[in-house]
Amino acid sequence: SVPSLAYSDEFHQCLTEMIPSELVYGQSSSNFTDVLASSIKNPKFFTNTTVRPVCIVTPTNPWHVQAAVFCGRWHGVRLRVRSGGHDYEGLSYRSCQPEVFGVVDLSNLRSISVNQGDSTAWVDSGATIGELYYHIAKNNSQVAFPAGECPSIGVGGHFSGGGIGMLMRKYGLSVDKIVDAKVVTANGELLDRAGMGEDLFWAIRGGGGGNFGIVLSWKIQLVRVPPQVAVFSIPKTLEEGAIELLTKWQYIGPSLPNDLTIRAKVQGQQAVFLAVYLGTCSSLVPMMDRLFPELNMTNADCRSMTWLESVALSYGSLAKTGTLEEVLLARGSSLSYYTKIKSDYVQRPIASCSWKNIFAWFKKDGAGYIMLEPHGGFMRTVSAAATPYPHRKGVLYVIQYITFWQGDGGKAPTSWLASFYDFMGSYVSQNPRQAYVNFRDLDIGQNTVGSENDVSSFESGQVWGERYFMGNYRRLAAVKAAVDPNDYFRNEQSIPPLRQTL
Ligand code: FDA
């Protein structure tokens, strides 16, 4: 039941009656395309055939968000919410099927207020994680927050799905340090933790964005880091022992002291080991010599800097240029590279002979790269049901498969990715083959909507939902039934409402 375009006129009128009209962009507005494109990261979802919203609302206060939900409900138009626009499938601003929908773009709601006294902060969903890092640490280099590596990621989507990054082994995911939140529900109510109750508060911390309401802001517990951290990035070719090093890294990466995170990137015929250590070079060098001597890390490899600088430098490569502000506070679209991403979790180390076969894939046409991020440490102390993110004890590392290409989307090297992903099936978690919801991948399943009741089917969601959330999928679906039984916040991979009791 797709609402007709006539509905969308009434919807638009409702919005402009309740929200200042300069914050509402209909398709006929001259700024519509610019506002739509403003945070798109993948040109794949910005073509002539992309199903676009009928209008975009850019709220400047919580009431505008509530008003958008009221108008949407009254006129039968669904809303999608966008914070930073990094969704790998573009679900925050496009639909895979013909659909009349609006977008609530939270980029104007981005304030960050830090309470030094109890080391907490309130951060709005429209802030980026780079802005968050910058604001909490610019005047106090010993304060930090565990979240991802790309500074322009939006807080709203990122926190909704978990938030993995270089502080995860020490402090966990972003969602492990969230203590309160404000959400606008499908009824248009604005609720904090006490008002929403513990089930919904549990679900919004990792159950995926676009499911349970529009989260406006998050109260987070800040964490301590030393005034200086130590960083290295060491590339190794096959001739220099990349295979043996990766084989060993799988054992030690997840079991190193929590203060030390070494992630690995495999591209071409080379592996790069990038580390951030919450301590000094003078203690890191002997530690590496003891725990991972094969890497031959020396003082010359080690750079000492503030944690904030380490975030800016470890994003992409250590050679990244630009001031701290330029790197951390950058926003905007990036429409030059098409991308496709998939993910896996590894629970048993892959043997060195298999790594040899894996490296052969990186010689093929259209080869992308993989990023391996170690779990263990704090991550293994959290139970699989404590938050919706279930990939905790027993996970060695998460693999992110990344392909990117320029130019016509039709020439996509996605066949390399699909075949390589098939090949990797026997080395990674099985039954289910786990995936990370923030690395959204529509290949693993999409909802079907019941023609009688017009809600997404629990069974269709189970196909992809148990891969992202394992045993937590059912609880998420029960929460959905309690807070949004009519499935108002719906997309191709949203949690369906489960109407039975648990
Ligand atoms: P976007 O605005 O596109 O939203 C993503 C999803 O959340 C959509 O379904 C959207 O509707 C919903 N949503 C957004 N705001 C919401 C709100 N306020 N309330 C409810 N739902 C909301 N991840 C990671 O864990 N660690 C990492 O290091 C990285 N690195 C990385 C690099 C790059 C270049 C990209 C493109 C992505 C990552 N990611 C990542 C993945 C990232 O965490 C994921 O895409 C987030 O959902 C992005 O959040 P945004 O707000 O930017 O996206």
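The values are calculated or read from the model by the stated rules, or taken from the named source; none is laboratory data. These figures come from a predicted structure and were not determined experimentally. Here the Cβ is made from the backbone with ideal geometry for all residues, glycine too, and neighbour counts use every protein chain on show. Only protein heavy atoms, including side chains, enter the accessible area calculation; ligands, DNA and RNA are left aside. Shrake-Rupley method; radii C 1.70, N 1.55, O 1.52, S 1.80 Å.
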Describe numerically, in nm with one decimal, the distance between label points set 7 Å from Cα along Cα→Cβ at Glu294 and at Glu452.
5.9 nm
Taking only Cα atoms of region 319-358, radius of gyration then Dmax in Å
18.0, 44
Distance (nanometres) between label positions extended 7 Å along Cα→Cβ at Ala351 and Gln97:
4.6 nm
Please report, as a whole percent, how much of the solvent-accessible surface of the chain comes from carbon and sulfur atoms (probe radius 1.4 Å).
49 percent
Ser383 neighbourhood, Cβ < 15 Å, K/R = +1, D/E = -1, net charge +4
Any idea how far apart Gln13 and Thr33 come out in nm if each label point goes 7 Å out from Cα toward Cβ?
2.9 nm
If you count the DSSP beta bridges with both ends in the chain, what percent of them are antiparallel, to the nearest 5?
90 percent
Please report, to two decimal places, log10 I(q)/I(0) for region 437-502 at q = 0.17, 0.19, 0.22, 0.24 Å⁻¹ as given by the Debye formula with identical point scatterers on the Cα atoms and no solvent.
-0.51, -0.64, -0.86, -1.02
Normalised radius of gyration for region 324-443, please: alpha carbon Rg relative to 2.2 N^0.38 Å, two decimal places.
1.21
First select every other residue whose beta carbon is under 10 angstrom from the beta carbon of Gly425; then total the charges, Lys and Arg +1, Asp and Glu -1.
-1
Given charges of +1 on the Cβ of Lys and Arg and -1 on the Cβ of Asp and Glu, with all other atoms neutral, how large is the dipole of the chain about its Cα centre, in debye to the nearest 20?
1040 debye
As a quick test, which of the pairs Lys177/Lys265; Lys170/Lys480; Lys41/Lys364; Lys265/Lys342 have an alpha carbon distance above 22 angstrom in this structure?
Lys177/Lys265; Lys170/Lys480; Lys41/Lys364
What angle do you read, to the nearest 10 degrees and between 0 and 90, between the alpha-carbon axis of helix 414-424 and the longest principal axis of the chain?
60 degrees
By how many degrees, between 0 and 90 and to the nearest 10, does the Cα long axis of helix 281-291 differ from the longest principal axis of the chain?
80 degrees
Just the number: Rg to Rh for the chain, Cα atoms, Kirkwood Rh, two decimals.
0.96
Taking N as the number of residues in region 85-147, what is its alpha-carbon radius of gyration divided by 2.2 N^0.38 Å?
1.49
Surface accessible to a 1.4 Å probe, per residue, for the residues of the chain, Å²:
38 Å²
Subtracting the Cα-Cα distance of Phe70 and Glu326 from 0.36 nm times their residue separation yields 88.3 nm
Quick one: what Rg and Dmax do you get for region 33-128 from the alpha carbons, in Å?
15.0, 51
Of all the Cα-Cα pairs you can form in region 163-277, what percent are over 23 Å apart?
50 percent
In degrees, nearest 10, range 0 to 90: what is the angle between the Cα axis of helix 5-18 and the longest Cα principal axis of the chain?
80 degrees
Computed, not fitted: 222 nm per-residue ellipticity of the chain from DSSP H runs ≥ 4 (each -39500 (n - 2.57)), nearest 500, equal to -8500 deg cm²/dmol
Run a plain Debye calculation on region 365-502 (Cα atoms as equal point scatterers, no solvent) and give log10 I(q)/I(0) at q = 0.21 Å⁻¹, rounded to two decimals, same order as the q list.
-1.24
Subtracting the Cα-Cα distance of Ala385 and Asp443 from 0.36 nm times their residue separation yields 18.3 nm
Which distance in Å, rounded to a whole number, links the C-alpha centroids of region 435-465 and region 112-176?
29 Å
